[in-house]
Each structure stands twice: as structure tokens, then as C-alpha cells.
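A.B. asks: Structure provided below as C-alpha cells; questions to follow.
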Amino acid sequence: MTPGALRVRAAAAKLFYERGIHAVGVDLIATEAGVTKKTLYDRFGSKEQIVVEYLAERDERWRVFLAEHLEAAGPGPADRILAVFDASHAWSVEHSTKGCSMVKAHAEISDPAHPAYAIITGQKAWMLALFTDLTRVLAAPDPDHLARTLLLLHEGALVTHGLAVFPSPILHARAQARSLLPA
């Protein structure tokens, strides 16, 4: 990507997360990025494509961040499950003060035909698959059920964090997840 395109993506990411996807127009993105609308359209073609690239980049950063936490947790499946919650807590403090960007995006993009929809739902399906893989290694009695429960705890904690309903919901969810894991 050119420096201008990187600035567009960064400006769009900040604006979309803070204000919402529908509330932000290409004029504002171009102004914030210090580029012309022509440059923006030459690189991305449409606002939809900027949304796709914003969400894809955010998802990629999350997966790398999570992989580092999983690696640091070691090989134990219970420790790795809890590391997902630890990573989410660390990420939310640093990158997601208003909650999960995918959940926020889904509140605005619920049409499966939208090109960003697959990224949004794909990220959540990936998280379920991760929990499922980890619960199968854990040898839980019903790993699929436990994985779905862990995903619900995780996603609910992300939403609760974004709404600031009570302090440290992700750490609360982590404690609840721990209580569900075999000793």
C-alpha cells in the first residue's frame, strides 16, 4: 500500500470505530487522511472496500495478538483457553475501549451480500473453531457444547466491556470460564 492508502485505512479505522461505519463518509476519511477523494477512490474503489480492508486488517492484528498470547500460555489446553480471555482483556484495554469492532460493525452490516459481512461472521466462526479445538484437546465430556459456552462468555464479555456495564467483564468471564474447565 502507498503511504496515502495507509493513511486512508488508518483514518477510516479510527473514524469507523469511534463514530460508526454509516456515520462516516468518504469526504471525512479523505480529509482526515490528508488525501483527495480521487486518491481514496483510486486506491479503494468504494467506501465498502475501505470497510472490508479496515475489518480485515483489524481481524489480522487480533489473530496475531491472540497467537502471541496462546504461545506464551504454553501447551496446556486449559491455560490456552484462559489465555484467550487474557488476550481479549489486554486487547480491549489497548484497542477496543468501545467493544468489539466486529460486533459494532455487525450492528450496521447485517446483509450477507455486503462484502464485509463474511469478514465479520468469519471472525466469530474462527473464534468458535478455536474454542472447539482447545476443548477437544482438553478432552472435555462435550467439547462442542463447552466451546459454544466459552464463545458466549467471551463475546458477551466483549459487548459488556463496550457498554461499560460493570468493571472488568472480560476478567469476570475468564473466572466463569475457569470454573467450567475440568480440573
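The values are calculated or read from the model by the stated rules, or taken from the named source; none is laboratory data. In this text the structure is predicted, and so the values were computed from the model without any measurement. No Cβ is skipped: glycine too gets one built from the backbone with ideal geometry, and neighbour counts run over all protein chains shown.
A.B. asks: What is the residue count in the stretch 73-114 for residues that are buried (at least 20 other Cβ atoms within 10 Å of the Cβ) and free of Cβ contacts under 8 Å to residues at least 60 places away in the same chain?
C.D. replies: Residues that pass the stated criteria total 4.
A.B. asks: Only one of ALA5, ALA10 is in contact with a Ser or Thr (Cβ under 9 Å, 6 or more places away or on another chain), among the small types (Gly, Ala, Ser) and not assigned by TED's automatic domain parsing to the domain that holds HIS95; which? Lay out the reasoning, then the answer.
C.D. replies: Details: ALA10 fails: in contact with a Ser or Thr (Cβ under 9 Å, 6 or more places away or on another chain).
Matching residue, one of ALA5, ALA10: ALA5.
A.B. asks: Determine the pairs where a residue that is free of Cβ contacts under 8 Å to residues at least 12 places away in the same chain, located within the stretch 143-163, has a partner that is among the hydroxyl-bearing types (Ser, Thr, Tyr) with Cβ atoms under 8 Å apart, the partner being 6 or more residues away or on another chain.
C.D. replies: PRO143/THR132; PRO143/THR135
A.B. asks: May I ask you to list the residues in the stretch 55-70 that are surrounded by fewer than 17 Cβ atoms within 10 Å (Cβ to Cβ) and among the aromatic types (Phe, Trp, Tyr)?
C.D. replies: The one that is surrounded by fewer than 17 Cβ atoms within 10 Å (Cβ to Cβ) and among the aromatic types (Phe, Trp, Tyr): PHE65.
A.B. asks: If a residue has to be hydroxyl-bearing (Ser, Thr, Tyr), surrounded by 14 or more Cβ atoms within 10 Å (Cβ to Cβ) and under 24 Å from the mean Cα position of the chain (by Cα) to count, how many in the stretch 30-54 make the cut?
C.D. replies: The number of residues fulfilling the criteria is 1.
A.B. asks: For the stretch 66-183, please list each of the helices (runs of 4 or more DSSP H) lying entirely inside it that holds at least 3 residues being on the phi < 0 side of the Ramachandran plot and over 13 Å from the mean Cα position of the chain (by Cα). Walk me through it before giving the result.
C.D. replies: Details: elements: 77-95, 101-108, 117-138, 143-163, 169-180.
The helices (runs of 4 or more DSSP H) meeting that bar are 77-95, 117-138, 143-163, 169-180.
A.B. asks: If a residue has to be at pLDDT below 95 and either charged (D, E, K, R) or closer than 22 Å to PRO143 by Cβ (or both) to count, how many in the stretch 78-94 make the cut?
C.D. replies: So the answer is 1.
A.B. asks: Right, something else. What are the pairs, 6+ residues apart or on separate chains, where a residue within the stretch 1-26 that is in contact (Cβ under 8 Å) with a residue 60 or more places away in the chain has its Cβ under 6 Å from a residue that is acidic (Asp, Glu) and surrounded by fewer than 19 Cβ atoms within 10 Å (Cβ to Cβ)?
C.D. replies: ILE21/GLU108; HIS22/GLU108
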